[in-house]
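Structure first, commentary second.
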Amino acid sequence: MALTKSVPTSTETTIPSGSFEGMDGDTAVIDAPPAPAPANGSGQLAPASTDVTVKDRAVASAFAKEVESMRGALDFTHGNYSVFKGINGALAQTGGLNLGRWAKVTMIAWDEHYEISPSSDAAAAKEAVGYSKEGKTLDSVIGKAYANWVGKPVDEYVTSLQLDGFAGAKCGRFIDVACVVHETDSEDSLNGEIIQVTLSQTSIPSFSAYQERLIGKALAITRGVKFVTLPADPFTFYFVRQAAEKNGKSWTKLQVLDKLPAKL
């Protein structure tokens, strides 16, 4: 779903129907304000329900606009921000600071990128690592020996690597999140600072699910559904590390939660 479409300012409110993934989806259009209540026996309009206030609807609408504006709001070019990932049971930098098991943050921007990996421990493999903004065209590659592939199709580059001895070569999608740190499990030096958290393919589903739930609540509120509320700040949440294992391999992925679980 594209999150870059403008939001109508007249009688429609646009609520993205997808998630932070920003992949192909639809846009739900909600009539606002609600239609007048049916006439009562006297021929006059019955009073509209006050369970969901105009203010509630305005907050939900503003939330939708903010979601749309966050994609690509900051430049994630390598070196702009300190990058943290799920590493060895923690949220940490490669060879750098370790934030421990969790971090409370406020997201201010996000975007996606694709990495082409040889999936090999061979010494030459690092030189073949490539990057793409949209997963279709190769934007850059680490090694000079592969520089001639820049600007060419990603799928062709992957096939070339596979035929060149890197049988496991593949293209993977990642989400980059720029966020302000509030507090962490084991490191206070970054409180108030902006960092980048990069989510691998196994961490993206949690990030997407968190957004889907918020989108659903906003949609319900704009439709006047009772008993539904948005968090006071829906973009403040926790990154919580989680151990993962499959086919004999183990790694650390990240969950996105609105509160810390009882057991970490």
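Values quoted throughout were computed directly from the atomic coordinates according to the rules given, and no laboratory measurement underlies them. Fair warning: this is a prediction, and the values are worked out from it, not measured in the lab. So basically every Cβ, Gly included, is an ideal-geometry build from the backbone, and we count neighbours across all protein chains shown.
Data for the structure
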{"read-out": "Cross-link partners of Lys259 among lysines (Cα-Cα below 25 Å; sequence separation of 8 or more within a chain)", "value": "Lys65, Lys85, Lys104, Lys217, Lys226"}
{"read-out": "Residue order, fewest to most surrounding Cβ atoms within 10 angstrom, among Trp110, Trp149, Trp251", "value": "Trp251, Trp149, Trp110"}
{"read-out": "Reduced Cα scattering model of segment 61-173, Debye log10 I(q)/I(0), q = 0.12, 0.19, 0.20 Å⁻¹", "value": "-0.57, -1.08, -1.12"}
{"read-out": "Proximal lysines relative to Lys152, as straight alpha-carbon distance under 24 Å, when same-chain residues fewer than 8 apart are discounted", "value": "Lys126, Lys133, Lys136, Lys144, Lys170"}
{"read-out": "Rg/Rh ratio calculated on Cα atoms of segment 122-207 (Kirkwood radius)", "value": "1.11"}
{"read-out": "Thr77, Thr198, Thr184 arranged by Cβ crowding within 10 Å, fewest neighbours leading", "value": "Thr77, Thr198, Thr184"}
{"read-out": "Stokes-Einstein translational diffusion, segment 142-264 - Kirkwood Rh over all Cα pairs, 1.567 mPa s, 4 °C, in µm²/s", "value": "71"}
{"read-out": "Alpha-carbon Rg/Rh ratio, for segment 119-168, with Rh computed the Kirkwood way", "value": "0.93"}
{"read-out": "Neighbour-count order for Arg223, Arg213, fewest beta carbons within 10 angstrom listed first", "value": "Arg213, Arg223"}
{"read-out": "Sites Ala262 and Glu66, calculated FRET efficiency, Cβ-Cβ separation with R0 41 Å, nearest 0.05", "value": "0.85"}
{"read-out": "Cα centroid of segment 191-264 to Cα centroid of segment 66-128, whole Å", "value": "16"}
{"read-out": "Tail beyond 15 Å, pair distance distribution of segment 58-100 (Cα, percent)", "value": "61"}
